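Report on the following structure.
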Amino acid sequence: MDQLTGKVVMVTGAGSGIGKAAAAGFVARGARVILVGRRQSVLDGVAETLRKEGGEVWACAVDISKKEEISALVAWTNKELGGVDILVNNAGSASKTLNARWIEEEEWDQVQDVNMKAVFLLTQALLPAMLARKNGTIITVSSLAALRPNLLGGAAYGAAKAAARNFMTYLHNTFRNDGIRATCILPGEVNTPIMDNRASPPTQAIRDRMVQPEDVAEAILLCAGLPPRTVIEELIVAPTFLRDVSADIEVSRWKNAPADCAAERGSHQKGEL
């Protein structure tokens, strides 16, 4: 029997991109999947498609940065499905302002809430039951921006993804002997809707050479589907081809900069700064 058959899997950010592809992969391998995201209508559409393929799927619109909403979700899951075996922290959000000089506190906090705080809150809510069973898998999709931060993802995104990576290492070091597997996946550029928010959105030709959502989904399934005795602590999934991002970084440097920085920008682009 497949290691994933009958397992209850919670996937955040399941309405599109990596989360949607991972949910489809889990369903194909016999898991029962809880789709978590912001928009109920989008989740319902994904759930309908997966049910047509024979999957057991539930769609739950939740603000995962709010502890009370997470508590309600976990209480429902424990009552209706007997708890969560595998948590996939996939939801992500990047700021529109990428330079640490210009980003406002509110925008910084929003990125931390989705990429880090939500990972902590969901993990904290699900850990007691996993520890009681001495079995559980927590997979967090971080980013290569955690290791190689730059202006493409922005200051807030890189910091949040690095914090999430650190937290997964903490979970591994603290709870591995209690039967908890904690895995961090660090993708490079992935062709997901988040690319539309870049200061200079990549062309389709560029996106076609990036890592695709289903590629990261395969990595998630690999980590989740191994026997409980084995854990992949960390996994980098990157594009084979390295592209020149220098022009994109220059555009990102000045996105949402104050109008009075026009002279500074001109001097910088001329190489005078």
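Things to note:
- Charge context of ALA21, other residues only, Cβ under 9 angstrom, K/R +1, D/E -1: -2
- Within region 8-269, DSSP assigns beta bridges of which about 0% are antiparallel (rounded to the nearest 5).
- Charge context of ALA72, other residues only, Cβ under 13 angstrom, K/R +1, D/E -1: -1
- Estimated dipole of region 1-128 in Debye, rounded to 20 [Cβ of Lys and Arg +1, of Asp and Glu -1, Cα centre]: 340
- Computed about its Cα centre, the charge dipole of the chain is approximately 540 debye, with only Lys, Arg, Asp and Glu carrying charge at their Cβ.
- Among PRO213, ALA132, ALA59 - extreme Cα towards positive end, dipole of the chain, charges at beta-carbon: ALA132
- Charge tally around ARG181: other residues with Cβ under 10 Å, Lys/Arg +1 each, Asp/Glu -1 each, net +1.
- Out-of-range pairs (alpha-carbon distance over 19 Å; input LYS67/LYS117; LYS20/LYS255; LYS134/LYS161; LYS96/LYS161): LYS20/LYS255; LYS134/LYS161
- Between 0 and 90°, nearest 10: helix 155-175 axis offset from the chain longest Cα axis: 30
- Pair-distance distribution of region 3-153: all C-alpha pairs, bin width 10 Å, starting at 0; shares per bin in whole percent are 11, 40, 33, 14, 3, 0.
- Helix 213-225 and the long axis of the chain differ in direction by around 40°, with both axes built from C-alpha atoms.
- Among MET210, MET168, MET116, the largest mean-square fluctuation in a Gaussian network model of the chain, built with springs joining Cα atoms closer than 10 Å, belongs to MET210.
- Distance from the alpha carbon centroid of region 134-191 to that of region 208-261 works out to 12 angstrom.
- Cα gyration tensor, region 55-100 - rounded (a/c under 1.5), prolate or oblate: prolate
- Shape class of region 8-269 from the Cα gyration tensor (axes a ≥ b ≥ c, square roots of the eigenvalues): prolate, since a/c reaches 1.5 or more and a/b is larger than b/c.
None of the figures in this text is laboratory data; all of them are computed from the coordinates on show. Everything numeric in this text was worked out from a predicted model, so none of it was measured. Positions of Cβ are generated from backbone atoms using ideal geometry, with glycine treated the same way; all protein chains shown enter the neighbour counts.
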